[in-house]
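The values are calculated or read from the model by the stated rules, or taken from the named source; none is laboratory data. Quick caveat: nothing in here was measured; it's all calculated off a predicted structure. Quick reminder, even Gly has a Cβ in these numbers, built from the backbone with ideal geometry, and neighbours come from all protein chains shown.
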Amino acid sequence: MNDWLLPEYNVYTVYQKFPGDLFEYPALRFAQWILKKKKKEFLLYIHTKGAFYSTKRQKGIRECWKNEYTGNRKFNYIIPIKKKKADVTCILTGKKRGTWFNSFFISKKGFKILGKIKPSKNRYFFERMFEKHSEAKILGILKNNVSTSKAWKIVKYYKPENYLYKKNKK
C-alpha cells in the first residue's frame, strides 16, 4: 500500500502490541493528535489490520482504497470537506452512520464532534463512532446508508469505471 500512498500523502504508521485488543483506538487517537499538531484541516485515515489478509474480499477493499484515494478521484473526498459540506467523507456509509471499510477523510471539526477518542472493548464501536453524533455531516461518495450485503457486493464487483469521476474544481 505504501507504493501508492507515499507519492500522495505523508504516511504515519501506528502499531500496537499483540493481541491488538485496543482495536482502532491508538491510530484514531494519533490521528486526532497529528491533525492538531501539524495544524491541518483534514486527513485520510485508513485502518489496515483486517485488510492485511490475503482474501479476495480484502484484496478488493485494498484495490478500492487505491482507486478512490489516489489521483483525481481523491478530490471527490477532499472537496466536500474543504467546502464545509461534510465533516467526514468515505467510500460507503452504513445504516448506523458507519464508515465502511475502515477508511475515511476526516476534518478537524469531525474529530471535535467526536471528542477525545477513548478505548473501547467493542471492536465495532470505532466503525460506528458517529452513530450518536447526528450533528456530524458524513458523506459516502459512492453510496450512503448501505447494508452489509450490499457493501460486500460493491467491493466484490468494484471497478472504478463503474463510478463516474466527478470533475471537481480545486
Filter the stretch 1-47 down to residues that are of a type in the set (S, T, N, Q) and at pLDDT 95 or above and give me whichever is farthest from the chain's Cα centre (by Cα).
N10
What number goes with the only condition from (1) free of Cβ contacts under 8 Å to residues at least 40 places away in the same chain; (2) touching a strand residue (DSSP E or B) at 6+ places or on another chain (Cβ under 7 Å); (3) of a type outside the set (S, T, N, Q) that L92 does not pass?
(1)
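Is it the case that the stretch 74-83 has a residue that's at pLDDT 95 or above and closer than 23 Å to G20 by Cβ? Steps first, answer last, please.
Filtering the stretch 74-83 down to residues at pLDDT 95 or above leaves 74-83.
So of that shortlist, the ones also closer than 23 Å to G20 by Cβ come out as none.
No, the stretch 74-83 has no match at all.
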Among the residues of the stretch 61-82, is there at least one that is surrounded by fewer than 16 Cβ atoms within 10 Å (Cβ to Cβ), out of contact with any Ser or Thr (no Cβ under 7 Å at 6 or more places or on another chain), in contact (Cβ under 8 Å) with a residue 60 or more places away in the chain and under 19 Å from K109 (Cβ atoms)?
no
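If a residue must be among the polar types (S, T, N, Q) and either in a helix (DSSP H, G or I) or out of contact with any Phe, Trp or Tyr (no Cβ under 8 Å at 6 or more places or on another chain) (or both), how many such residues does the stretch 110-127 contain? Break it down into steps so the answer makes sense when it comes.
Within the stretch 110-127, the first condition is being among the polar types (S, T, N, Q), and the residues that meet it are 120, 122.
Checking the rest, the ones that are also either in a helix (DSSP H, G or I) or out of contact with any Phe, Trp or Tyr (no Cβ under 8 Å at 6 or more places or on another chain) (or both) come to 122.
Total meeting the criteria: 1.
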